[in-house]
1. List pairs: first residue in region 464-475 and among the polar types (S, T, N, Q), second residue buried (at least 18 other Cβ atoms within 10 Å of the Cβ) anywhere in the structure, Cβ distance under 7 angstrom, at least six positions apart or on different chains.
2. Being surrounded by 24 or more Cβ atoms within 10 Å (Cβ to Cβ), in a strand (DSSP E or B) and aliphatic (A, V, I, L, M) is true for just one of Ile353, Ile340. Which residue is that?
3. Would you check which residues across region 337-372 are within 22 Å of Asp548 (Cβ to Cβ) and either among the β-branched types (Val, Ile, Thr) or touching a Lys or Arg at 6+ places or on another chain (Cβ under 6 Å) (or both) and list them?
4. For residues in region 364-392 being surrounded by 24 or more Cβ atoms within 10 Å (Cβ to Cβ) and not in a helix (DSSP H, G or I), which is nearest to the ligand (Cβ to nearest atom)?
5. Among the residues of region 505-541, how many are small (Gly, Ala, Ser) and within 14 Å of the ligand (Cβ to nearest atom)?
6. State whether the residues of region 519-527 include one that is in contact with an Asp or Glu (Cβ under 9 Å, 6 or more places away or on another chain), in a helix (DSSP H, G or I) and within 30 Å of Glu51 (Cα to Cα).
7. Go through region 412-443 and report how many residues are open to solvent by 20 Å² or more (accessible area, probe 1.4 Å) and not hydrophobic (A, V, I, L, M, F, W, C).
8. Mind listing whichever residues of region 463-493 are open to solvent by 50 Å² or more (accessible area, probe 1.4 Å), basic (Lys, Arg) and closer than 18 Å to Asp442 by Cβ?
Amino acid sequence: MMMLMKSLPALALVCLLVTFAAAAGTATSSPSDAGMLGFTASGAHAEQSLEQRFDALLDPADQRRWLQQMSSQPNQVGSPHDKANAEFMLAKFRQWGWDAHIETFSVLYPTPKKVALELLGPHPFTATLKEPALAGDATSGMPGGLPPYNVYGGDGDVPGELVYANDGMPDDYKELSRRGIDVRGKIVITRYGGGWRGLKPKLAQEHGAIGCLIYSDPRDDGYAQGDVYPKGGWRPAQGVQRGSVEDMQQYPGDPLTPGYGSTAGAKRLAIKDARVILSIPVLPISYADATPLLQSLQGPVAPPSWRGALPITYHAGPSVARAHLTVLSNWTQQPIYDVIAMIRGSTAPDQWIVRGNHHDAWVFGVWDPLAGNVALLAEAKAIGTLVKQGWRPQRTLVYASWDGEEPGLLGSTEWAETHAKELQAKAVIYVNSDTNGRGFLDAGGSHSLQHLVNQVANGVIDPETRVSVRERLRARMLVNGSRPDAKPEAKAIAKLAEAGGDVPIQALGSGSDYSAFLEHLGIASLNLGFGGEDDDDGIYHSRYDSFDHYVRFGDPDFAYGVALSKVAGHIVLRTADASLLPMRFGDFSNTLDRYVGELHKLVDSTRKATAEQHRLLDLHAFTLDSDPTRPLLPPVRDSDMPAIDLAPLDRAAAKLHKSAQVYEAAYAGRVATGLALPEAQQQRINTLMGRMEQALTDPDGLPRRPWFEHMIYAPGMLTGYGVKTVPGVREAIEARRWSEADRYAVVTAHVLDGYRAQLDRLTAMLKSPR
Ligand SMILES: [Zn+2]
């Protein structure tokens with residue numbers, strides 16, 4: 001999954017230590033890099049040479065071979081090749097010396113039984129709903145895949161007029177209603193982009209539509225971006241983006257087993273009671289199939305920002321001609337196969353480092369997810385060799401290749417829910433990857449891990465430029481922030497990156513397998529990958545996400561596959577062997593300060609916008625501004641805004657800031673003096689550190705979605721994959737639920753106070769080694 005949301009302004013910001021700028025073109029260490037986090041000087045030395053041995057064992061030819069084999073046939077959930085891939089990996093892990101098994105779950109997995117779309121009326125048209133074979137793409141004509149569909153949409157056979165709703169996001173419906181257009185009883189046609197796909201049919205349903213179509217406009221990932229496949233990498237006329245429309249903002253995983261594992265005997269909801277399944281039919285289509293439908297629309301011309309790159313005049317609708325949409329599914333249970341491999345730690349076996357990537361795909365899935373999955377396999381092979389040569393990790397390594405990610409993070413979520421107690425007791429970090437390509441390191445996750453990511457990224461060389469992947473990323477942040485059209489977030493990131501120390505990592509929303517670990521269980525998590533120089537948007541979730549596409553437009557020599565193995569592998573190795581876990585809670589505190597600052601700005605800007613809207617309404621400005629021949633109603637008057645009390649958050653953040661400074665000094669002092677801690681005390685400290693992230697959760701969860709327990713990071717209810725930080729407060733302000741904003745300022749502050757108390761305990765333990 002992942003992707004397409006990568007341009008969202010979700011980057012997290014941090015106050016950085018002011019350091020001297022790194023000399024251009026070299027991987028210079030800053031003062032904060034003085035020592036390897038969590039290691040004594042001699043420990044760091046040993047770790048460095050271990051990592052060099054690990055790197056020497058990574059062979060790009062392995063990744064190429066595994067990728068070709070695993071993508072040689074369609075491997076969606078329930079396909080024979082999906083199971084064969086799990087068995088292939090099981091054999092490999094065992095051959096490399098891992099203790100491995102396959103863990104199976106049974107999940108609800110609807111597949112298309114009947115899918116049809118036609119336009120009736122004077123210009124009848126029947127949609128092809130097929131992705132044809134393409135010359136130059138060897139697997140594109142291969143049978144065995146599923147036709148394009150959106151999993152977890154409803155069954156339906158509906159005739160209705162069409163309305164174009166742009167991205168299908170909340171503001172788009174406001175624009176429609178200002179033009180007097182109602183979608184009740186109609187089929188809404190939306191385009192990909194602007195927010196997560198699953199929100200499009202969900203919002204259409206909430207507005208009374210009877211069906212929803214989602215098409216890929218060439219403006220977004222087709223010929224307006226570059227040459228289309230197979231000449232270039234972008235989406236051809238009949239390419240379709242499949243994908244899940246499960247309402248994962250409520251809970252991901254198997255729809256019938258919310259919050260617990262979908263094991264053989266588990267109690268299951270009736271399908272009609274699973275509120276994450278939509279009730280209206282939804283279908284993804286190509287722009288070849290969408291064009292006649294869009295041409296049939298009448299009514300007002302669509303607003304400028306709604307117009308795509310098709311050679312037509314975009315109208316909002318409705319159409320006079322009716323469309324007829326049929327989507328009927330086989331609502332069956334399917335087995336999914338998680339491959340789980342372990343190497344037991346020598347001195348702290350009850351502290352687990354968990355590393356995962358999914359292996360199921362929509363069709364062949366070479367970019368998404370197998371490119372990331374083979375990087376994970378390469379790490380496992382190298383680690384197996386190190387073990388055969390006599391090395392043992394201090395902590396236990398758990399490598400996982402998940403099934404069922406595409407339909408709704410099924411394999412990772414069901415595994416995390418099944419083993420929740422053990423994971424909360426033992427897992428200290430979860431390291432995820434998914435799609436991988438050429439370009440820049442994309443790192444997101446818990447901010448206590450930001451310095452670890454930076455130190456590791458500072459030691460891995462970018463294959464194209466020969467500077468460290470961190471310096472390359474810094475350069476991108478600086479250039480992005482300098483563009484004339486740069487958003488405030490990009491400018492702020494550039495300012496932080498300028499300082500020459502750590503570059504900020506992003507906060508995580510959702511869209512890949514870290515969700516259950518981070519947002520449900522509160523395990524410190526990272527998501528890693530390379531990208532930004534490739535054309536993968538154009539084949540995302542289509543039949544053309546193939547080996548042939550990848551070796552032309554992805555990572556032809558697998559240099560970035562090896563780079564991902566190095567970044568993720570070094571993070572795993574360091575976390576496994578550090579004397580004290582390589583976490584810096586001061587980085588979290590600094591980032592939190594930033595988020596609280598953003599909330600104050602949000603309150604101010606919302607108040608200003610409300611006052612301005614009220615002023616213009618009182619002047620009847622919208623009415624007088626409207627062209628009577630193209631009527632545009634005034635917007636609905638926003639509610640008045642009372643005072644919002646963020647003071648509890650301010651106080652909690654300020655107290656945490658002080659505690660974090662004291663803690664960082666104690667941690668640095670303890671490591672600098674060679675630890676000198678009794679073994680048992682060191683274990684106690686590490687155990688407590690490993691559970692710090694859990695202190696950021698609230699067992700009651702977020703409003704209306706208790707599965708999401710993390711109070712600082714969550715996917716947005718109205719953005720989908722995109723993150724909302726301090727979500728209880730931020731989303732309440734955005735949705736104008738004023739009393740809820742006040743309430744969650746208190747709830748979040750309470751959680752932060754608990755986190756601070758635990759941090760103070762850690763500080764005390766570091767200072768007095770008893
Ligand atoms: Zn994926």
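The values are calculated or read from the model by the stated rules, or taken from the named source; none is laboratory data. Just so it is clear, the model here is predicted, and its values are computed rather than measured. Cβ: placed from backbone, ideal geometry, glycine included. Neighbour counts: every protein chain shown. Just so you know, the surface numbers come from the protein's heavy atoms only, side chains and all, with ligands and any DNA or RNA stripped out. Shrake-Rupley method; radii C 1.70, N 1.55, O 1.52, S 1.80 Å.
1. Within 7 Å, the pairs are Thr465/Arg472; Ser468/Ala27; Ser468/Ala457; Ser468/Asn458; Ser468/Gly459; Ser468/Val460; Ser468/Asp462.
2. Values: Ile340 fails: surrounded by 24 or more Cβ atoms within 10 Å (Cβ to Cβ).
After applying the criteria, what remains is Ile353.
3. Trp362, Val363, Val366
4. Going through the qualifying residues, I end up with Gly365.
5. The qualifying residues number 6.
6. Checking region 519-527: not a single residue is in contact with an Asp or Glu (Cβ under 9 Å, 6 or more places away or on another chain), in a helix (DSSP H, G or I) and within 30 Å of Glu51 (Cα to Cα).
7. Looking only at that region, the number is 8.
8. Selection gives Arg476, Lys487.
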